[in-house]
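Derivation of every value follows stated rules applied to the coordinates shown; laboratory data play no part. All values reported here derive from a predicted model rather than from experimental measurement. In this analysis, Cβ positions are derived from the backbone assuming ideal geometry, glycine residues included, and neighbour counts consider all displayed protein chains.
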Amino acid sequence: MKIKNFIMVVIGCLICALSFNIFLSPYHIMPGGVSGIAIVLKYLFSFNESIVILILSIFLLVISLIFLGKESTFKSIIGSLLFPIFIYLTELFLSYFDLTIDNRLLASVIGGVTFGLGIGIVYKEGYTTGGTDILSKIFHRLLHISFGTATLIIDGIITIVGTFVFGFETLIYSLITIYLTSVMIDKVILGLFGNKSFYIITTNPEKIKEYILKELGHGATILDGEGAYSKDTKFIVFTVIPTRDYYKLKDSLKELDSEAFFMVCDSYEVGGGK
């Protein structure tokens, strides 16, 4: 793990912890995941939130080891430890300040944006904050859906269950937070634009073309190419797809042509054609 990656993971976990303690926990706004579970258990049994998050994260690390393997699990260990530690430390630090917000709607909006920003930063470095982020990663790998969408599904279920504790009004605020968190995660990871341009260099363009046309329902152009060093004949498959299909195509390329080289760019504007 490079120092730069570690610093970014630390920053992401710190942002999540600050968001949790300033905008979410004090107002019983559940961001889903182990954080949401911790808020419920603190309300019902006065359990320490950072301890609950740590225990649940360790349990989910075992699940990660089974489904995602050692390498991926290692990338969850750091966040699983840093996040609850930062929650504990920032709670102590913030106790010296009055940061009360009278508007729960404002707290849910800012909380969702900042919480998603923190998680997105960690994800972008290839790591997770542990907890149900691990489940999101499993869903992403098995179902080919984005991290944000997977998080939205899992956190939504947990929040609906929490409604029986805090009531319907809290459900509305929590769903706002979860939605904004999901959006911010995808924006941080995938960028702000709605389309992605793929340049895929391959020796087997037909399989990739058929997948783009039939499975994704998008167009593609095949260009002739040549390796600058090897002089081998290559083909370049060029396509522009909506960002929502990014993970589907990216993950499928491993199966369609494991030796394919590809580059992805943001497409600011797409027009013309039929």
- Message: Of the listed values (1) 1, 5, 11, 13, 13, 10, 9, 8, 8, 8, 7, 4, 2, 1, 0, 0; (2) 1, 6, 13, 18, 20, 17, 12, 7, 3, 1, 0, 0; (3) 1, 6, 12, 15, 16, 14, 11, 9, 7, 5, 3, 2, 1, 0, identify the label whose number matches P(r) over Cα pairs in 5 Å bins from 0, in percent calculated from this model.
- Response: (3)
- Query: Taking the Cα atoms only, what angle lies between the long axis of helix 3-19 and the longest principal axis of the chain, rounded to 10 degrees?
  - Reply: 40
- Task: Please list, in chain and number order, the residues 5+ apart from ASN195 or on another chain whose amide H is under 5 Å from its amide H, with Hs placed from the backbone.
- Result: THR243, SER267
- What whole number of Å gives the distance from the Cα centroid of segment 186-244 to the Cα centroid of segment 44-111? 38
- Message: Angle check, please: helix 133-143 long axis (alpha carbons) against the longest principal axis of the chain (alpha carbons), in degrees 0 to 90, nearest 10.
- Response: 30
- Going residue by residue through segment 158-165, the Karplus relation 6.51 cos²θ - 1.76 cosθ + 1.60 with θ = phi - 60° gives ³J(HN,Hα) values, rounded to whole Hz and with x marking Gly or Pro, of 5, 5, 4, 4, x, 4, 5, 8
- Message: Quick check: net charge around THR202, other residues with Cβ under 10 Å of its Cβ, Lys/Arg +1 and Asp/Glu -1?
- Response: 0
- Note on the structure: Checking rank on 207-216, 93-102, 178-187, with mean other Cβ inside 10 Å and highest first, the result is 178-187, 207-216, 93-102
- Message: Let's test the formula: R0 of 22 Å, r as the Cβ-Cβ distance of ILE55 and LEU89. What FRET efficiency results, to the nearest 0.05?
- Response: 0.80
- Computed lengthening from ASP98 to ILE11, 0.36 nm per intervening residue step minus Cα-Cα distance: 29.0 nm
- Note on the structure: In nanometres, the difference between 0.36 nm per residue of separation and the alpha-carbon distance of PHE193 and ARG141 is 16.4 nm
- Return the long-range amide H neighbours of LYS234 (sequence gap of 5 or more, or a different chain), with a cut-off of under 5 Å between placed amide H atoms. GLY225, GLU226, GLY227
- Residue-averaged [θ]222 nm for the chain, counting only DSSP H segments that reach four residues, each worth -39500 (n - 2.57): -20500 deg cm²/dmol
- Query: So what's the angle, to the nearest 10 degrees on a 0 to 90 scale, between helix 69-94 and the longest Cα principal axis of the chain?
  - Reply: 40
- Item | Net charge of neighbours whose Cβ lies under 15 Å from the Cβ of PRO242, counting Lys and Arg as +1 and Asp and Glu as -1 | 0
- Item | Of LYS4/LYS214; LYS234/LYS254; LYS4/LYS137; LYS4/LYS250; LYS75/LYS231; LYS4/LYS231, those spanning more than 29 Å from alpha-carbon to alpha-carbon | LYS4/LYS214; LYS75/LYS231; LYS4/LYS231
- Task: With θ set to phi - 60°, apply the Karplus curve 6.51 cos²θ - 1.76 cosθ + 1.60 along segment 107-123 and write out the HN-Hα couplings as whole Hz, x wherever there is a Gly or Pro.
- Result: 5, 5, 5, 5, x, x, 5, 6, 5, x, 4, x, 5, x, 4, 5, 4
